[in-house]
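Written below as structure tokens is the structure these notes are about.
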Amino acid sequence: MNITKTELKNELHLESVDEVTKAQQQLNHSNLEESFLNPVEANEIRRYFHLLETGLTPQEAEQQAKLTTSNHSINGNGQNSGQPAHTNPASKIEQILQNQQNLARTLLELSHKQAELLEAKSWTQFQSTYASHLNNDISKFTDDMTALFSVMNSNIENAEFISTEEYEPLPFDSRPKMPPLDRLPSAL
């Protein structure tokens, strides 16, 4: 199954199909004008662009891509040259690693959010409990004060006023005896 140059351009995230054609020229592929590539050429172009991304010069990337393709066809790797080769495993591994990093970053962000939510929930629960206890204390204080005023009012109504010693009238027995009025000595 042949691969179109447009598909390869999209797969490699290239800006234009001309970049695929230039890579074909660099790698000395035969069918420069056709829009289809055979699987071996497509894999060689994939490796070429991958090697360029690693920082190799175009000549070094060309040599490495050609060397890898020739080793692959000699070893066979369980495939004969007529079957399409797997896509570049290094790029797939890089993509998997990037996805794992993104997932780890997302999980870390979610764990921070979860910790913030738990902290807010704990704080809200503390405030609710504190407000409930405070409300109970205020209600108890109000009830106690109401009972105290009730007792005070009933005691005031039933109380006998007892005065202090300095205002206390002398007992009847300790009053000086006054002579009867008819026995008063007359000064006449």
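Put simply, of 161, 141, 126, 149 the only residue that is assigned to a helix (DSSP H, G or I), open to solvent by 100 Å² or more (accessible area, probe 1.4 Å), out of contact with any Cys (no Cβ under 8 Å at 6 or more places or on another chain) and at pLDDT below 90 is 149. Scanning the range 23-52 for residues that are exposed (fewer than 13 other Cβ atoms within 10 Å of the Cβ) and in a helix (DSSP H, G or I) yields a single hit, 25. From the set of residues in the range 53-76 that are touching a helix residue (DSSP H, G or I) at 6+ places or on another chain (Cβ under 6 Å) and at pLDDT below 75, which is least open to solvent (accessible area, probe 1.4 Å)? Going through the qualifying residues, I end up with 69.
For the structure I just gave you, tell me whether residue 111 is more than 30 Å from residue 48 (Cβ to Cβ) and either modelled with pLDDT of 90 or more or surrounded by 10 or more Cβ atoms within 10 Å (Cβ to Cβ) (or both).
Numbers: more than 30 Å from residue 48 (Cβ to Cβ): yes; either modelled with pLDDT of 90 or more or surrounded by 10 or more Cβ atoms within 10 Å (Cβ to Cβ) (or both): yes.
So residue 111 passes the test.
The values are calculated or read from the model by the stated rules, or taken from the named source; none is laboratory data. Everything numeric in this text was worked out from a predicted model, so none of it was measured. Here Cβ is always computed from backbone atoms with ideal geometry, including for glycine, and neighbour counts include all displayed protein chains. Just so you know, the surface numbers come from the protein's heavy atoms only, side chains and all, with ligands and any DNA or RNA stripped out. Shrake-Rupley method; radii C 1.70, N 1.55, O 1.52, S 1.80 Å.
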